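Beneath this line is the structure, given in structure tokens, with notes to follow.
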Amino acid sequence: REEKRPEPLRVYIQINTSGEEAKSGITPLLDEGSASKDHPLLELTRHILTSCPHIRFSGLMTIGAAQNSQTADAEKVQSREDIIKANPDFEKLITSRRMLVQALRKDEQVNKAVSDSSSTDASITSYYQEKLLSGDDETGGLELSMGMSADMEIATMAGSDNVRVGSECFGSRTTRDEAMKAMEEELKGSA
């Protein structure tokens, strides 16, 4: 028997703002020209909004380039705009959110699906109608998750709603290569 969650699962879509091959995520949405109906970010968001009744699309996240995180100094920064300009990953994520909200508000398929939705949780439908698809708030109620333990102060100053602080709480992790090598050694030892 399938257990029903007491509330919808909140999800973020990861954006590869740094363009690094080692990082996962969708290509940023940086201008109206790239906001075509087949842009991967718009397609995935449309799918979540129209076909995933137990998921609440909550925002965008990025794991930016380490060098970009080191360029802004919380002690020297004068304004939020300075921080955003100092870290292109933050700037790309903020721009992607704004462009996505604009595109979704014009998307007939999304607007029709949300307004006709009877299978989606009523709180999700209300949230999408009131925050995401209407109003003049350019954020559409979508949160941003940018920054990690090393740059959490800068990230929050730039407007991050969520910061991942795992290494601050649990210590640094091994790299994938280190973990694979350790597993191989462990398997050799048990053979």
Taking θ as phi - 60°, what are the ³J(HN,Hα) couplings along segment 3-14 by the Karplus curve (6.51, -1.76, 1.60), each to the nearest whole Hz, with x for Gly and Pro?
7, 8, 5, x, 8, x, 6, 7, 10, 10, 9, 7
So the label point goes 7 Å from the Cα of Thr27 along Cα→C-beta, right? Which residues of segment 36-63 then have their backbone N under 15 Å from it?
36-44
Long pairs among Lys4/Lys131; Lys23/Lys92; Lys37/Lys112, criterion Cα-Cα beyond 19 Å:
Lys4/Lys131
Amide H partners (placed H, <5 Å) of Cys52, local residues excluded
none
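Heavy-atom accessible area per residue, segment 125-168, 1.4 Å probe: how many Å²?
48 Å²
The values are calculated or read from the model by the stated rules, or taken from the named source; none is laboratory data. Everything quoted here is computed from the prediction, not taken from an experiment. Quick reminder, even Gly has a Cβ in these numbers, built from the backbone with ideal geometry, and neighbours come from all protein chains shown. Note: areas computed on protein heavy atoms with side chains; ligands, DNA, RNA excluded. Shrake-Rupley method; radii C 1.70, N 1.55, O 1.52, S 1.80 Å.
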